[in-house]
1. Taking the criterion of being under 14 Å from the mean Cα position of the chain (by Cα) and either among the hydrophobic types (A, V, I, L, M, F, W, C) or at positive phi (or both), would at least one residue in the range B:76-83 satisfy it?
2. Go through the residues of the range B:99-112 one by one and say whether even a single one is modelled with pLDDT of 85 or more and facing chain A (nearest Cβ under 7 Å).
3. Return the total of residues in the range C:369-385 being within 18 Å of C:L492 (Cα to Cα) and either of a type in the set (K, R) or not in a helix (DSSP H, G or I) (or both).
4. Among the candidates A:I66, A:I3, which residue alone is more than 13 Å from the chain's Cα centre (by Cα) and farther than 24 Å from B:A92 by Cβ?
5. Please count how many residues of the range B:64-73 are within 7 Å of chain A (Cβ to nearest Cβ) and aliphatic (A, V, I, L, M).
6. Anything in the range B:10-52 that is at the interface with chain A (Cβ under 9 Å from one of its Cβ atoms), among the aliphatic types (A, V, I, L, M) and either farther than 22 Å from A:A29 by Cβ or part of a helix (DSSP H, G or I) (or both)? List them, or say none.
7. Of the residues A:V43, A:V20, which single one is more than 7 Å from every other protein chain (Cβ to nearest Cβ) and either among the hydrophobic types (A, V, I, L, M, F, W, C) or surrounded by 22 or more Cβ atoms within 10 Å (Cβ to Cβ) (or both)?
8. Within the range C:21-35, track down each residue that is aliphatic (A, V, I, L, M) and touching a residue at least 24 places away in the same chain (Cβ under 8 Å).
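The values are calculated or read from the model by the stated rules, or taken from the named source; none is laboratory data. Owing to the predicted nature of the structure, the values given are computational and were not obtained by experimental measurement. Here the Cβ is made from the backbone with ideal geometry for all residues, glycine too, and neighbour counts use every protein chain on show.
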Amino acid sequence: MPISIDHYVYLSTVLFCIGVMGVLLRRNAIVLLMCVELMLNAVNLLMAAFSTHFNDPSGQVFVFFIMVVAAAEVAVGLAILVMVYRHAKSVDIGLFNKLKG
Amino acid sequence: MIEILFYVLSFVSIVTGLMVVFAKSPIHSVLSLIVTFFAIAGQYILLNAQFLAIVHIIVYAGAIMVLFLFVLMLLNLNKEAEPNKDIAMKLAGVISASLLMVTLTGALHGSVVPEATLAVNTSNGLVKNLGQVLFKDFVVPFEISSLLFLAAMAGAVLLGKKHPSQITDSEIQKI
Amino acid sequence: MGKSLVGMVGSGVVLGSFILSVMAWMQVKESGAFEANAFTWLEVGSLHIEFGFLVDELSSLMMLIVTGIGFLIHVYSVGYMHDDVGFHKFFAYLNLFIFSMLLLVMGSNYLILFFGWEGVGLCSYLLIGFWYKNKEFGKAARKAFIMNRIGDLGLLIGMFMLFNEFGSLNYKDVLGAGLSSSYAITCICILFFIGAMGKSAQIPLYTWLPDAMAGPTPVSALIHAATMVTAGIYLVARSGVLYTASPDAMQLVMYVGLATATFAATIGLKQNDIKKVLAYSTVSQLGFMFVALGVGAYTTAMFHVTTHAFFKALLFLGSGSVIHAMGGEQDIRKMGGLKKYLPITHLTFLIGTLAIAGIPPLAGFFSKDEILTNTYYGGGSFVFIMLCITSVLTAIYMLRLYFLTFRGSFRGTREQEHHLHESPLSMTLPLIVLAILSVVGGFLGVPEWMEHKLGLHHTLNGWLGNVVHNAAHPAVTEMFEYTLLAVSIAILFILALAVRTFYISRKTLPEPDEEEIGIVKLLSHKYYIDELYDAIFVRPIQSLGTFLHDYIEKPVIDGLVNGFGRLSKSSGKLIRLLQTGNTEFYLLGMVLGIIVIFVLNFIM
């Protein structure tokens, strides 16, 4: 195992934070969803790294499950976005302010 | 050799990740994200998780990203239609993201990862081993996740459909 | 349901319970007292309360009185309340009252007694305020309720102490144990007596009873004369063993009873409301009973309860008949000469008057004679003489009432005179029955000399002997008895003549309210006791209430409560602004929140 686990930890932290930054900066809801995918992948990478580190295949199985959830999320999320677009003719999250208190 | 590969892949994934965030056009974001996914798949191979890498490419790059592209094209959003946020909000976003990174790395820096107890088994990531684990230890979650998929599929279909009240008479006659 | 059906059901169930009471009485007579536990009511720590009933000689006597008189009064009410819109409600309340009263006398422990005690208090309140549309009547009802509550508190605390002392509230456990005089027992007895004061209208808690005459007359007869007010007597008689162990408490009972008897009798002399006279007479007679209890003559007190129930119910029902005929008029100054118009009422009322005045051989003579005899030996000469004077006063005000109401000439309006009529059968029948009982009731307890001469027995003494018995006193000399008899007959005869001369021959009338002077004014205003209570208790409490309302409630408590309301409202208004509806803002908040959590986690 030539590469230490720390490297993977830092790499996935960086990727995760890039995802967070994307979520905070962009207004396009589809790009937001993509950034969420990026964050999920950062976590997946960490899972796989630890799975290998501890020599335990469960970590990889968890990655599969996360993929399942992500795929379902994307399917539903995009369907919602399409609906929203039909209504508002835009996917700008700045317009979704109907929850104002 | 492996180290060089690791650094190259890391570099690629971080750069393309940043491109996802900063690309003006959503299409560019999608394409950058696909590259990121490929880089991450490369990391999986380095981690001896070969099957995972393949599935990753198929599911993410093959299915999910195609879905994204498809929706973008459907909605015709490939232009730079996105209005700019005000500068304060942007600054706040960048600052809080970097703060999060600093905090996380700071927190992780002090943490000690226990050493592996078992010898490295390179065959862990193979289909055979994963199948054994998946269908023995995780069979119930596996079945439940299939239900989740079903629900997601039904939900997506329902959401994507037009509401019955929105269908005009002419459309009905077409059917 | 139709009125006649309601009347039938209402009276029928009481008749049924009367029959059952007679059966229970016969069973007790044959095989002694019996106890039955329906179910366990409460079980808290060492407090174990059975919902149990004890039917012994004492309670079966009370059951007979309650259901017997109750039945007659129910029948009477069918006629009396016939035109009232609340007819149905009235019978419901009356039946509830009978139920509570039976529970009170049949319970096998003090808690059941208390249950019934509160139940009769409630019924009394409901029935006094039966015509609740009249504000004064509502006030009278509340007054009765509150005064009773003061007494009830005494009874309740007494029960706590009793439990503390004996670890049980069952009659069997408490009264069966051999008792020695102790401070705690004296306290318990006095507290029980405070309860009895409230229920049986003794000084200082008696003022509610005259006001309770606001209720319909059958209610006055049933609740405020014949049965409920005797609950206090029953309580003390039932706890006779305790009282015997505490001479101090008995002294208190005797003196309070004596004071009440005398005090109420003097007030009764100058009352002009037919029901008020009877009300004060009731208070006075209850005082007699307490004197009897105070000298340890428990069966004598129960004897007087019984005879008093007969003739007082009779008098009240008779007055109800008069009021009925007079179209609601209660002022005896406007009556007179009713003998002609109400023959049956007149006759029965006369019997009742003679009975309460103590003419032999009517019921009142025997029981009063027995009380006096017992007082002579047990209470000392002062008490004896005061009680004798009070008996004379009783005779005076009753005769005054009788003469002013039935003799002489009619003093009301022509309209009223035209309206005068004898009451229907449903009202006169109970009168007749009660009159017969008032005549023969006394033979339940004939004095000793008669036992020897006539071969009669003091049935009640023997009967109640298993539960309570009179304090022993030396055998009465026949000479004393004969003297008492002769003197009392002579005095009554003279009194009757005097009162007759005063009110009929000379046609002296009680003066109108505003012309009263001196002692007369004092008496007709009931010694200004109500005004005194008003000044001592009601006004200070009211002004305290006003003070608390103006200076504590409004600025402090209301301010606090409203302040909280305003605080949450304004803070809500402020926090609402955070919900901008802006998704980016939420996301930023979320990320910052995660950072804070991480930092906190890291620091700690």
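1. Here is the first cut: in the range B:76-83, the ones under 14 Å from the mean Cα position of the chain (by Cα) are none.
No, the range B:76-83 contains no residue that is under 14 Å from the mean Cα position of the chain (by Cα) and either among the hydrophobic types (A, V, I, L, M, F, W, C) or at positive phi (or both).
2. yes
3. 0
4. Numbers: A:I66 fails: more than 13 Å from the chain's Cα centre (by Cα).
Residue meeting the stated conditions: A:I3.
5. At the first step, the residues of the range B:64-73 found to be within 7 Å of chain A (Cβ to nearest Cβ) are B:64, B:67-68, B:71-72.
After this cut, where a residue has to be aliphatic (A, V, I, L, M) as well, the list is B:64, B:67, B:71-72.
Residues in the range B:64-73 being within 7 Å of chain A (Cβ to nearest Cβ) and aliphatic (A, V, I, L, M): 4 in total.
6. Selection gives B:I14, B:L18, B:V20, B:V21, B:V30, B:L33, B:I40, B:L46, B:L47, B:A49, B:L52.
7. Details: A:V20 fails: more than 7 Å from every other protein chain (Cβ to nearest Cβ).
None of the other options fit; the residue is A:V43.
8. Matches in the range C:21-35: C:V22, C:A24, C:V28, C:A33.
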